[in-house]
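Asker: This structure is in structure tokens; I'll ask about it shortly.
The values are calculated or read from the model by the stated rules, or taken from the named source; none is laboratory data. Remember, predicted model here, so these are calculated numbers, not experimental data. Glycine also receives a Cβ, built like all others from the backbone with ideal geometry; neighbour counts cover every protein chain displayed. Protein only, heavy atoms only, side chains kept; ligands, DNA and RNA dropped before computing areas. Shrake-Rupley method; radii C 1.70, N 1.55, O 1.52, S 1.80 Å.
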Protein chains: 2
Amino acid sequence: MAQKPSIPKGTRDFSPIEMARRNYIFDTIRESFIRFGFEAIETPAMENLSSLLGKYGDEGDKLLFKILNSGNYLSKIGDTELLPENSKQLSTLICEKGLRYDLTVPFARYVVQHRNDITFPFKRYQIQAVWRADRPQKGRYREFFQCDVDVIGSTSLLNEVELIQIVDDVFRKLNISATIKINNRKILAAIAEKIGYPEKLTDITVAMDKLDKIGLEKVHEELLSKGISEDSLEMLDVFMNLQGNSNDEKMGCLRELIGNSSIGSIGMSELDKVFSYLKDMDIKNKVELDLNLARGLSYYTGAIIEVVANDVSIGSICGGGRYDDLTGIFGLKDVSGVGVSFGADRIYDVLLQLDLFPGESMVSTQAMFVNFGEKEEEYCLPLLAKLRAAGINSEIYPENTKMKKQMTYANNKNIPFVLLAGENEIKEGKLTVKNMKSSEQSLINIDEFIDLIK
Amino acid sequence: MAQKPSIPKGTRDFSPIEMARRNYIFDTIRESFIRFGFEAIETPAMENLSSLLGKYGDEGDKLLFKILNSGNYLSKIGDTELLPENSKQLSTLICEKGLRYDLTVPFARYVVQHRNDITFPFKRYQIQAVWRADRPQKGRYREFFQCDVDVIGSTSLLNEVELIQIVDDVFRKLNISATIKINNRKILAAIAEKIGYPEKLTDITVAMDKLDKIGLEKVHEELLSKGISEDSLEMLDVFMNLQGNSNDEKMGCLRELIGNSSIGSIGMSELDKVFSYLKDMDIKNKVELDLNLARGLSYYTGAIIEVVANDVSIGSICGGGRYDDLTGIFGLKDVSGVGVSFGADRIYDVLLQLDLFPGESMVSTQAMFVNFGEKEEEYCLPLLAKLRAAGINSEIYPENTKMKKQMTYANNKNIPFVLLAGENEIKEGKLTVKNMKSSEQSLINIDEFIDLIK
């Protein structure tokens, strides 16, 4: 036989059992999105490279999958450009399209392109694959799936609250115990101001964000190397050490420490409002103000949200925040948005590790008729049609082959009930129903079986 | 403002209303697939080019979207290869991956790659996008969606029957009146044999297949030009003219005309068996033996199936057949399969043209609270939570803005009920419910509203 075929590294096939598990996740997330009034959009896998380049930094540009132009893609390339050392510049000459890298930039592009047809505030969700030419490693793929939910065109903090409710709803339904961390960019700005380095906001928050991973000492080292003074670090420690206190205590300290900063007090009143809404919302998962949370900060301007699973160390399984100028990259200014993104692949790993996939959601076919030959088929086929008409997923083994082979098939496919009709059953107008889990057998008619399943 | 962003030609964004319509189609098809015992798989968007090249003919190879290798993709290219006139050979040196062109070849690759983990017969379905660098035109896209369902590893004709049942089930649920045409490659072979040109099977059937489009005269011209004699054409006319007769009549004629051909009699007994099964199956759409149906023939070896909508001229909306050696292209011989593929984009056009999308399936959010300000929010938010807990998709307008703007939002989003709670309603513990279709208003409490919706 020829060499076994394979797929590109970092990509995956999904088998029926994996699909069932993945659909359990997607369906749960989608149900919450819809329950809260969000609507689906989809964008094409390919975007114009001009829409993607420059949106993810230099590193991101390198990780874009570029698509070779069709036809004679070299026809307009001059000899001087067609040189081995020219690969970077050449790539944008021979490729006009690329695969989407995330769902955020295509969404911004969508909003700008269709702004005259959209009713704002626009509550949209989007569940699609994204592609990155990252070095593949455990848990990191070149094709993976994001579930984004955003409200665009409304500055109301009710949106932040609804997103936290959705996060809570999703993880509650999935039985994942989670901690929902929130922070606010304006408070981080006030902290940087307070310690005397408003212009070093990014350096400071990027370092704070690493506290859990590298510890206080290393955070200090990093900040000293960025030119932050020892005195300022001492002040910063007060904020970092608030970790572990209740949200009320943290808010109390913040009021004392940064309450007189104008940006700080705006940030605090935003947080106050979110917390006060949430109090009446029956949120089951812990919501924790985490002053060290920054998430790269890149475009967040208000709320910052990140979710971790309490029982598995796998990093964040959901995250997002408020951004005031997402569509600016495509020329439409001052459209505020807020959203979060669920990482389906990590959620999959959490559910698998904690054995939380519900058995019943993995059952696809509920009943299988054993095939004993033509005469028996004639008896079974109308009964099979009846099951299907009653909404029961069912099948007949297509060939009259060895019983053992047929039972193995049912077993491998996790079919809970096998139906047998031989001479006796046919004479009595009944079926032998075998429960594949308990191995119990009973002789009943088709209506009784339908009742049993329903 | 900068130039409005756009997407690559031949690709599409899907807005919420389009997504709702598309999901109505996908959900209907998926439900039937699952009802009949099929399981989902998915394969990556990118395949190794070596898996794709040579599988779709020269024309197909040209239509593959190729993905530029990451990093310095020119590093191993010699000066002699890097020439403008070399674009075709160069493309396979600088691209190792391509986007999938259909779902059939990736499925064959999947079966071979995972053959030790698959329980045969393998009943799989796959609903995913495919990409072709075709010239875009009305109804033809560069990214489009296929819904494939196949049984692999079973030669039983029960599989053909089940596929026809699925086709009938899907179009019945979609309210599309369809004609399911079937034919058999073995019968076509017998016809070619009968008229004296067994070796010209493809030429003959390709021409017959065009009868509806170009008429008998042109079919004759085409066949004469391929070297078929006048006498043979006369014999062929008998077969082509069977169109319009009942299946029984056609089978009777075939029995007379090709009953003594060994391959013909096998084909006829296959068809007999399929028809006899179908008689007891309560098939609502017309099943028609169409001797002119060939579908390019490429790899079909037994049944050939094609479905057309009776009320819209749009070409086939579903098609497929039996192939005996699909996995041979990846080195695994003699695995028989049979399957059909639904064309989601054409089905979409049919439903749109016949106005068959059900209104209720387009409703996502069922109720919206008008936002009258903070005090009213306090009253509404627990009621909103109650609706959501009852499984009702609902939302509150996030900002206290003009009534007209809020009503326009509800209107544009097709929300059927708007809920208003001002001073009076709050005093009475009730809500004013406005039916957006009839404009009727009533004053009820939240439990009565839940009952109303359910």
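Asker: Condition first: under 18 Å from B:Glu96 (Cβ atoms), open to solvent by 10 Å² or more (accessible area, probe 1.4 Å) and touching a Ser or Thr at 6+ places or on another chain (Cβ under 7 Å). Now tell me which residues in segment B:38-67 satisfy that.
Answerer: B:Asn48, B:Lys66, listed by residue number.
Asker: Give the residue, chosen from A:Ile180, A:Ile166, A:Ile176, that is in a helix (DSSP H, G or I) and closer than 30 Å to A:Glu18 by Cα.
Answerer: A:Ile166
Asker: I've got another one for you. Can you pull out every residue in segment A:410-420 that is among the polar types (S, T, N, Q) and either assigned to a helix (DSSP H, G or I) or without any contact (Cβ under 8 Å) to a residue 12 or more places away in the chain (or both)?
Answerer: Residues satisfying the conditions are A:Asn411, A:Asn412.
Asker: Criterion first (more than 27 Å from B:Arg21 (Cβ to Cβ), of a type in the set (Val, Ile, Thr) and assigned to a helix (DSSP H, G or I)) does B:Thr327 satisfy it?
Answerer: Yes, satisfied.
Asker: Something else now. Specify the residue that is farthest from the other protein chains (Cβ to nearest Cβ); the eligible residues are those in segment B:386-409 that are closer than 17 Å to A:Arg124 by Cβ and not in a strand (DSSP E or B).
Answerer: B:Tyr397
Asker: Moving on to the next point. I need the full set of residues from segment A:82-119 which are open to solvent by 20 Å² or more (accessible area, probe 1.4 Å), more than 8 Å from every other protein chain (Cβ to nearest Cβ) and closer than 19 Å to B:Lys405 by Cβ, in order please.
Answerer: Matches in segment A:82-119: A:Arg115, A:Asn116, A:Ile118.
Asker: Within segment B:323-332, identify whether any single residue is modelled with pLDDT under 95 and under 29 Å from B:Val238 (Cα atoms), and answer yes or no.
Answerer: Checking segment B:323-332: at least one residue is modelled with pLDDT under 95 and under 29 Å from B:Val238 (Cα atoms).
Asker: Could we say that A:Leu233 is more than 26 Å from A:Glu270 (Cα to Cα) and open to solvent by 70 Å² or more (accessible area, probe 1.4 Å) here?
Answerer: no
Asker: Tell me whether segment A:421-442 contains one or more residues that are part of a helix (DSSP H, G or I), in contact with a strand residue (DSSP E or B) (Cβ under 7 Å, 6 or more places away or on another chain) and hydrophobic (A, V, I, L, M, F, W, C).
Answerer: No - not one qualifying residue is present in segment A:421-442.
Condition check ((1) in contact with an Asp or Glu (Cβ under 7 Å, 6 or more places away or on another chain); (2) open to solvent by 40 Å² or more (accessible area, probe 1.4 Å); (3) without any contact (Cβ under 8 Å) to a residue 24 or more places away in the chain) across all residues:
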position	(1), (2), (3)
A:Ser262	no, yes, yes
A:Ile266	no, yes, no
A:Leu291	no, no, no
A:Ile305	no, no, no
A:Tyr323	no, no, no
A:Gly328	no, no, yes
A:Phe357	no, no, no
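Asker: Sticking with this structure for a sec: Which one is least open to solvent (accessible area, probe 1.4 Å), of the residues in segment B:443-454 that are at pLDDT 95 or above and not in a helix (DSSP H, G or I)?
Answerer: B:Ile444
Asker: Also, I was wondering about something else. Pairs please, first residue from segment B:217-236 and free of Cβ contacts under 8 Å to residues at least 60 places away in the same chain, second anywhere and not in a helix (DSSP H, G or I), Cβ atoms under 7 Å, 6+ apart in sequence or on different chains.
Answerer: Here the result reads B:Val219/B:Lys210; B:Ile228/B:Tyr197; B:Ser232/B:Ile195; B:Ser232/B:Gly196; B:Ser232/B:Tyr197; B:Met235/B:Ile195; B:Leu236/B:Ile195, each pair linking segment B:217-236 to a residue that is not in a helix (DSSP H, G or I).
Asker: Right, here's the next one. In contact with a Gly (Cβ under 6 Å, 6 or more places away or on another chain) and at negative phi, is that true of B:Leu49?
Answerer: Considered against the rule, which asks whether it is in contact with a Gly (Cβ under 6 Å, 6 or more places away or on another chain) and at negative phi, B:Leu49 comes out as yes.
Asker: Mind checking which residues of segment A:341-367 are outside any helix (DSSP H, G or I), within 22 Å of A:Lys413 (Cα to Cα), modelled with pLDDT of 95 or more and in contact with a helix residue (DSSP H, G or I) (Cβ under 9 Å, 6 or more places away or on another chain)?
Answerer: Once the filter is applied, which keeps residues that are outside any helix (DSSP H, G or I), within 22 Å of A:Lys413 (Cα to Cα), modelled with pLDDT of 95 or more and in contact with a helix residue (DSSP H, G or I) (Cβ under 9 Å, 6 or more places away or on another chain), segment A:341-367 yields A:Leu356, A:Phe357, A:Thr365, A:Gln366, A:Ala367.
Asker: Further, regarding this structure: Please go through (1) modelled with pLDDT of 95 or more; (2) over 16 Å from B:Ile453 (Cβ atoms); (3) open to solvent by 40 Å² or more (accessible area, probe 1.4 Å) for B:Lys375 and return the number of the only condition it doesn't satisfy.
Answerer: It is condition (1) that B:Lys375 fails.
Asker: Applying the selection to segment A:120-167, what residues are within 30 Å of A:Gly10 (Cβ to Cβ), open to solvent by 30 Å² or more (accessible area, probe 1.4 Å), within 10 Å of chain B (Cβ to nearest Cβ) and not basic (Lys, Arg)?
Answerer: A:Asp134, A:Tyr141
Asker: Sort out which residues of segment A:126-145 are out of contact with any helix residue (DSSP H, G or I) (no Cβ under 7 Å at 6 or more places or on another chain) and assigned to a strand (DSSP E or B), and write them in order of number.
Answerer: Scanning segment A:126-145 gives A:Gln128, A:Ala129, A:Val130, A:Trp131, A:Gln137, A:Arg140, A:Glu143.
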